[in-house]
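The values are calculated or read from the model by the stated rules, or taken from the named source; none is laboratory data. In this text the structure is predicted, and so the values were computed from the model without any measurement. Here the Cβ is made from the backbone with ideal geometry for all residues, glycine too, and neighbour counts use every protein chain on show.
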Amino acid sequence: MFRWKSLTAVVAVAALALTGCSASSSSSTESDSSTLTLGLILPATTFEAANMNFANESPYGQAVYDTLLKEDPAGELLPSLATEWSYDDTNTVLTLTLRDDVKFTDGTAFNADAAAQNLTRFRDGTSPNKSFLASLGSATAIDETTVELTLTQPDPALLHYLTQNAGMQGSPAAFGAADAKTNPVGSGPYILDTDKTVVGTSYEFTANPDYWDKDSVHYDNLSLKVYADTTSMLNAVKGGQINGAKLTDNTNNAEVEAAGYTLNPFELDWTGLILFDRAGTLNPALSDVKVRQALNYAIDGPAMLTAVGEGLGTPTTQIFPTSSAAYDESLDDRYAYDPDEAKKLLAEAGYADGLTLDMPSTSLGNPAVFTLIEQQLKDVGITVNYTDTGTNFIADILAPKYGVTWMQLQQDNDWALINFELTPNASFNPTKYQDPTVDALVATIGTSTGDEADAALKELNAYIVEQAWFAPWYRVESNYATDANTNVETQVGNAYPYLWNFTPAS
């Protein structure tokens, strides 16, 4: 999620990420098998636990912070700082039993009071994922090893969120420190070496000598390198400077494999346009459903899949995955490419002479995507004015500065997806757009189970497709590339594998 799910957050979500690694015999990664070196496309926005990003920035947080719960690569819950968890009969009180043998790297003991403070601070913080804890009414330390979370309403995805940035635990002694954004104090597997780190370029970590879960730490050192564009990332791959990286797209797959790397495929994301400005605050035209539907008809999804996705994916016009009860196969082609229908709808909406859309572009993405969007929208009378946002792409779209944007976002479990993309407080609903039909269906989904919940999910999916909240083109087959020295298991629901799932090749 740039999830961002998948970069999301996303971007993914999310989503925006780049290419693989090298098996060259001259590779610096081969000469130091005790160090795991990964390529990322985004620097750490912050290291302060209360405001951490996830998805494309997840390796930064996972290096220094433990979470209350963990997930295995298939998404099954595992204990972490919390060893047991249970809900009451109303599913609005969650009780967590915590470890009693963990200390933060500043010597402060981890306990229930620390957990309660961290949860409340994240809920009230500035993370793009703060909506993960929107249902948290209060967090209370019952005793040293028991914390009780009282919710304002049931949240079927809360345990999942506690495995991500919402569950990260920082030392209370470091709260509010002057260097909190750059000098994290957690209980995680690594410690950030601030002397060797070049902020925005290279982040260097050493193993935490007192880490409580040593079996999950497979490297003595961790190096996270930031590459601002596809060219520099690809050069790093060819030069054998990194062990692993997520491929932005599939255009370099053959080259990566020919160089001796392994492609680890996973279908996490959908890609296309997010039509944020459904109320027409930034551009009045977007408040008309016919204009939003026209944007769906104007882009040839299957052609985009072929042109920029190397044909590795599945055309669709819905954002829910095939694994969801919301999924409806007939919605995969609800908006089959039809520029004449797009022109007709624009004319009916009062834009027969065309309209102009301001949209962001970024060097982090495939430039062909932005060119093709511009060309296909021009064919139906829509002029695109791009602003190159560079590495500020995610921050700018979530500001929000644009009513429409290209994006690649993860397809998460149902409740997580709803709260990531659809609800008024969702990270990827930065205009806070609200629709009473959606609100009612979400309420039903959150408080019901079985056939009733499944029916509401299908109705919700059909409604947002018909209302054209998004203009998806296809579900993406993504790849995480690893060199000959590195094995990895990809993670369901996240753009990057989790750190503990990287291991040295035998």
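Collect the residues in segment 61-101 that are in a loop (DSSP other than H, G, I, E, B) and touching a strand residue (DSSP E or B) at 6+ places or on another chain (Cβ under 7 Å), keeping them in residue-number order. Within segment 61-101, TYR65, LEU68, ASP72, SER80, LEU81, THR92, ARG99 qualify. Identify, from the list VAL237, VAL256, the residue that is hydrophobic (A, V, I, L, M, F, W, C), touching a strand residue (DSSP E or B) at 6+ places or on another chain (Cβ under 6 Å) and under 30 Å from PRO504 (Cβ atoms). Only one candidate passes the filter, namely VAL256. Apart from one condition, GLU76 fits all of (1) surrounded by fewer than 24 Cβ atoms within 10 Å (Cβ to Cβ); (2) at pLDDT 95 or above; (3) not β-branched (Val, Ile, Thr); the exception is (2). Does segment 428-435 contain any residue that is in contact with a helix residue (DSSP H, G or I) (Cβ under 6 Å, 6 or more places away or on another chain), of a type in the set (Ser, Thr, Tyr) and under 25 Å from LEU133 (Cβ atoms)? Within segment 428-435, not a single residue is in contact with a helix residue (DSSP H, G or I) (Cβ under 6 Å, 6 or more places away or on another chain), of a type in the set (Ser, Thr, Tyr) and under 25 Å from LEU133 (Cβ atoms).
Among the criteria (1) under 19 Å from ASP269 (Cα atoms); (2) touching a His at 6+ places or on another chain (Cβ under 8 Å); (3) among the aromatic types (Phe, Trp, Tyr), the one PHE502 does not fulfil is (1). Does THR431 meet the test of being surrounded by fewer than 24 Cβ atoms within 10 Å (Cβ to Cβ), of a type in the set (S, T, N, Q), at pLDDT 95 or above and farther than 15 Å from ALA279 by Cβ? Judged against the criteria, THR431 is not a match.
Rundown of residues vs (1) at pLDDT below 95; (2) among the small types (Gly, Ala, Ser), yes/no style:
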residue: GLN408; (1), (2): yes, no
residue: GLN411; (1), (2): yes, no
residue: LEU422; (1), (2): no, no
residue: ALA440; (1), (2): no, yes
residue: ALA456; (1), (2): no, yes
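Contact annotation: residue pairs with Cβ atoms under 7 Å, 6 or more positions apart or on different chains, pairing a residue in segment 483-501 that is not assigned by TED's automatic domain parsing to the domain that holds GLU71 with a partner that is outside any loop (DSSP other than H, G, I, E, B) and surrounded by fewer than 19 Cβ atoms within 10 Å (Cβ to Cβ), are ASN485/GLU30; ASN485/PRO504; THR486/PRO504; ASN487/THR503; VAL488/ASN501; GLU489/ASN501; GLN491/ASN501; TRP500/SER216.
Going residue by residue through segment 290-309, is there one that turns out to be more than 22 Å from the chain's Cα centre (by Cα), charged (D, E, K, R) and surrounded by 23 or more Cβ atoms within 10 Å (Cβ to Cβ)? Within segment 290-309 (the criterion being more than 22 Å from the chain's Cα centre (by Cα), charged (D, E, K, R) and surrounded by 23 or more Cβ atoms within 10 Å (Cβ to Cβ)), the answer is yes, since at least one residue qualifies.
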